[in-house]
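See structure below.
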Amino acid sequence: MTSERPVEIAPTSYLPVTAVASITHRITGVALFAGTAYLLFLLDLALDSEAGFARAAALIETGLGKFALWITLAALAYHFIAGVRHLLLDFHVGDSLAGARRGAWTTLGLSFLAAAAAGAWLW
Amino acid sequence: MVTNVTSFGRSGLSDFVLQRVSAVVLGAFGLCVGGWFAVNPEGGHAAFAAWFSSTPMVVFATLAVGALVAHAWIGMWTVGTDYLRPHYFGRASTVVRLAYQGATAALLFLYLIWALAVIWGGLNGSTPPATGEMPALPHASAVGEAPPAEGS
């Protein structure tokens, strides 16, 4: 590709809240691609037997196991809330400039609360 | 119409709709499972397995796995095509992107097989959860037990 057309706006020079919400949706999505393996692992153990369920329960009591679950749940919460916002935007709910900024802030705020709630539940 | 040989539905419009439909399925499934643990914080294996192995949940979970594969592919593909391109990777970008897409596809296939084995249960000799309380699907049949006669 040697065309002279502009490729992109340098993201470091201009990062509105809507862009933060968008890139976070992507980052949490990729994180969940890995987090799925962890959740599936826990589900596998929990369904296997009493001993397996106890192992899964013990795993999420360890520092690393609990943190991994919290990160996964926090990513899931953000991805879910941002996804709901995306569906609303598809129906032209909140897709004005001001509305999009409000929606982005709301998504970030609600996700922060959800991540805090997940942390409180786990610790 | 814009098409791409590596997109999920061979068409951007198809992927657009699939991404939203699968999102709704996954969102509903996530709320369902998360809700169960919220309502039953001390659930334990027997109660959880009995609930998760019920026919409606096996069907719902199977649907969710299909939705997950489609959703994850479309999402990972979108991210990959946005960043793994000549602007950043020069002439290697096609190779880099194909390797990324290949790894994504291989992992999704692993998730698919793994998840179906977990949901449909007992494929590798895992023991069924508490006897008696479960519907016939799917663990009981895997160890050769006759399903409990219902309604007789």
Residue-averaged beta-carbon neighbours from other chains (10 angstrom radius) around B:4-16: 0
Inter-label distance for B:HIS87 and B:LEU31, nm, one decimal - labels placed 7 Å from Cα along Cα-to-Cβ: 3.7
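Over all distinct alpha-carbon pairs, what is the Kirkwood Rh of chain A in angstrom?
Numbers: mean 1/r = 0.0599 Å⁻¹.
Radius from the Kirkwood sum: 16.7 Å.
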Over chain A, relative contact order from alpha-carbon pairs under 8 Å, at least 6 apart, %: 32
Paramagnetic label zone (point 7 Å from Cα along Cα-to-C-beta, B:SER11; backbone N under 18 Å) in region B:54-89: B:74
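Say R0 is 30 Å: what FRET efficiency, to the nearest 0.05, do B:LEU107 and A:PHE91 get from their beta-carbon distance? The partial results should precede the final answer.
On the way: r = 33 Å, r/R0 = 1.10.
The value I calculate is 0.35.
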Zero-based 5 Å bins, Cα pair distances in region B:1-57, whole percents: 4, 16, 16, 15, 10, 10, 10, 9, 6, 3, 1
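FYI, it's all coordinate maths here, none of it is from the lab. Keep in mind that what you see is a predicted model, and the values were worked out from it rather than measured. So basically every Cβ, Gly included, is an ideal-geometry build from the backbone, and we count neighbours across all protein chains shown.
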